[in-house]
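Reviewing the structure listed below.
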Amino acid sequence: MSDLVKIEIITRQKKFEELKEALNSIGVAGMTVTQVLGCGLQKGKTEIYRGASYSIDLLPKVKIDMVVPDSSTDEIISITKKVCATGTIGDGKIFVSPVAKVIRIRTGEEGPDAL
């Protein structure tokens with residue numbers, strides 16, 4: 001069942017709706033979306049509130065998980081890069097991992113049929 005991969009995308013919250021629509025347009029319908037906090041090269045940011053400076057170390061992001069056929073990986077990555085890239089630090093990351101097994105609990109279907 002090595003023909004399935006898990007793609008994890010972590011990106012800016014404001015890019016989520018546009019990315020979701022772009023992925024839906026190529027037939028990607030199944031995804032899990034989580035609101036997350038994180039930091040990378042950006043290392044947070046400094047804000048001023050009522051004259052006092054404070055640091056926000058973890059920034060809000062959105063994490064999108066999906067399991068898809070390996071054959072669609074390159075297209076999903078290309079669309080994600082196109083939609084989410086702003087050219088500034090904080091655009092996000094894409095992780096791709098092989099999936100050993102997928103089972104639909106309701107029907108017991110396995111492999112690509114379980115998606």
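Below is a table of values for the structure above.
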| read-out | value |
| --- | --- |
| Single residue of 60, 98 found to be loosely packed, with under 14 Cβ neighbours inside 10 Å, more than 15 Å from residue 23 (Cβ to Cβ) and at pLDDT 95 or above | 98 |
| Residue within region 73-90 that is assigned to a strand (DSSP E or B) and hydrophobic (A, V, I, L, M, F, W, C) present | no |
| Selection count where residues are assigned to a helix (DSSP H, G or I) and either aliphatic (A, V, I, L, M) or within 17 Å of residue 20 (Cβ to Cβ) (or both), scope region 63-72 | 1 |
| Residue list for region 101-115, restricted to those being in contact (Cβ under 8 Å) with a residue 60 or more places away in the chain and exposed (fewer than 12 other Cβ atoms within 10 Å of the Cβ) | 101 |
| Any hit, region 88-95, residues being free of Cβ contacts under 8 Å to residues at least 24 places away in the same chain and either among the β-branched types (Val, Ile, Thr) or out of contact with any strand residue (DSSP E or B) (no Cβ under 8 Å at 6 or more places or on another chain) (or both) | yes |
| Close pairs (7 angstrom Cβ cut-off, 6 or more residues apart or separate chains): closer than 11 Å to residue 9 by Cα in region 29-45, modelled with pLDDT of 80 or more and among the aliphatic types (A, V, I, L, M) anywhere | 31/64; 31/66; 33/62; 33/64 |
| Residue list for region 67-80, filter: loosely packed, with under 13 Cβ neighbours inside 10 Å and at pLDDT 95 or above | 74, 78 |
| Subset tally (residues that are assigned to a helix (DSSP H, G or I) and either touching a Leu at 6+ places or on another chain (Cβ under 7 Å) or surrounded by fewer than 16 Cβ atoms within 10 Å (Cβ to Cβ) (or both)) for region 6-44 | 7 |
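Residue-by-condition table, conditions (1) closer than 30 Å to residue 3 by Cα; (2) of a type outside the set (A, V, I, L, M):
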| site | (1), (2) |
| --- | --- |
| 19 | yes, no |
| 27 | yes, yes |
| 32 | yes, yes |
| 52 | no, no |
| 65 | yes, yes |
| 70 | yes, yes |
| 76 | yes, no |
| 80 | yes, yes |
| 88 | no, yes |
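The values are calculated or read from the model by the stated rules, or taken from the named source; none is laboratory data. Everything quoted here is computed from the prediction, not taken from an experiment. Neighbour counts are summed over all protein chains in view; Cβ atoms, including those assigned to glycine, are modelled from backbone coordinates with ideal geometry.
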